[in-house]
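FYI, it's all coordinate maths here, none of it is from the lab. As the structure is a computational prediction, the values presented were derived from the model and not from experiment. Glycine gets a Cβ as well: all are built from the backbone with ideal geometry, and neighbour counts include every protein chain shown.
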Amino acid sequence: MKSPRYTISRQKACTQCSNAKVKCDRRTGNGRCMRCAQRGLPCSYLNADAPDKSPSRSHTDRIEPRPSNDAITTNTSSPGCQDRIDFSNLDLLCPINADDIRNRWIQAYTPVPGQTIKQYPTSVSAFIYQILKSYAAVGVHGRDTLPFIHPKQLITQPAGSPLTTCLSLVRMCSNALPGSADAAANILHREMYNLYELRERYNDEALFAAFQAYLIYAMVLFFRLNQACNDHFRTIMTNLQDLACASSRGGLICAADQRRARPRWEEWIVAEAKRRTLYVMYLFDSILSTQEGLPTFIGTELSGLPAPANRLLWQAGTRYDWEREYNIHMAEWMEGSLTIDELWPTPDDISETGLGRLRDRVDRWLENLDEYGTMLYAIMRCTHGD
């Protein structure tokens, strides 16, 4: 008697594609099918009898107990524990006056007394321009993650969120046909308008995603679609600063850091990504002000915020790796992390002892920077010097 043609049922799509009722190409070269790879989604198969080349479970499918908020400890989760990212109930604080971010555009027309103008050399302005232009290109081509968006953010973004929608929409600018730039710009403008109008309805997570998305749209309009820096674009920037202000109110540092304790990984990810996005926005604003012939000022309203974290923390792929690196970070920075204002012009009244201590802190901070931190330091060093 002949056996049935198929004795074992095989799953023909990964879980994500199956739930979405779309075709799955089951590619395995990068551990994911094409649809999941483009969306930063976990790609797994329910059946144990799926083909041998089916993707293995990614870190995003793993489950791990929430780390305690103890201070430096060796009781970290073991490498074998599984990670599950949960961005709800974050304990974050905003140590600055966020309203000063929203009102920053006014300074170009009515400078605040005591503000220091940033005297960007032409070469530094050109450097900032090229770096931000490259960020717009990364967003448009989608070949890498932007340095102010943490990979774990993308994995947990729900379908249709402001950020996932943005990263999909800007792809149409990758190989735009001649004469199609205006049509693409109109689509982006419409989406930006909707984002801004809905800002009061978003929870903290969606509001942060909207802030990041609006910044990406603005940079793509300016650097890829050659939108002129005019009154209309200045309105875009004031809306962007308004979103930045609203998102910043939700917290820019981890409350655990104030207690010299270790925060949850998710809290650290959001706080670090928010600050990175904020610093990029300030650089973008300085380029636009320069092109308009307006002065740009040091962002003293950000004083006290931590400088970008080292690459080992930012690039940690698992909770275990991040906890281990954060324990080391806490041991090395018992006196507190380097703050962004420590990279600004040296105060005239600083003592020799204080100057030596500051230089030692900057040297220690420079040891393990990623490209983003190195870029920010290069701009400040070439602008301010010692």
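The table below gives the values:
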item	result
For segment 243-256, 3J(HN,Hα) per residue [Karplus equation, 6.51 cos²θ - 1.76 cosθ + 1.60, θ = phi - 60°, Hz, x = Gly/Pro]	5, 4, 4, 4, 5, 5, 4, x, x, 10, 9, 7, 4, 4
Simple label model, 7 Å out from Cα along Cβ direction - Arg359 to Leu294, nm	3.8
Within straight-line cross-link reach of Lys118, aspartates and glutamates at Cα separation under 14 Å, skipping those fewer than 8 residues along the same chain	Asp285, Asp341
Residue-by-residue Karplus 3J(HN,Hα) for segment 304-309, coefficients 6.51, -1.76, 1.60, Hz, glycine and proline x	x, 6, x, 5, x, 6
Prolate/oblate/rounded call for segment 248-294, Cα gyration tensor, a/c under 1.5 rounded	prolate
Value of Rg/Rh across segment 90-292 [Cα atoms, Kirkwood radius]	0.96
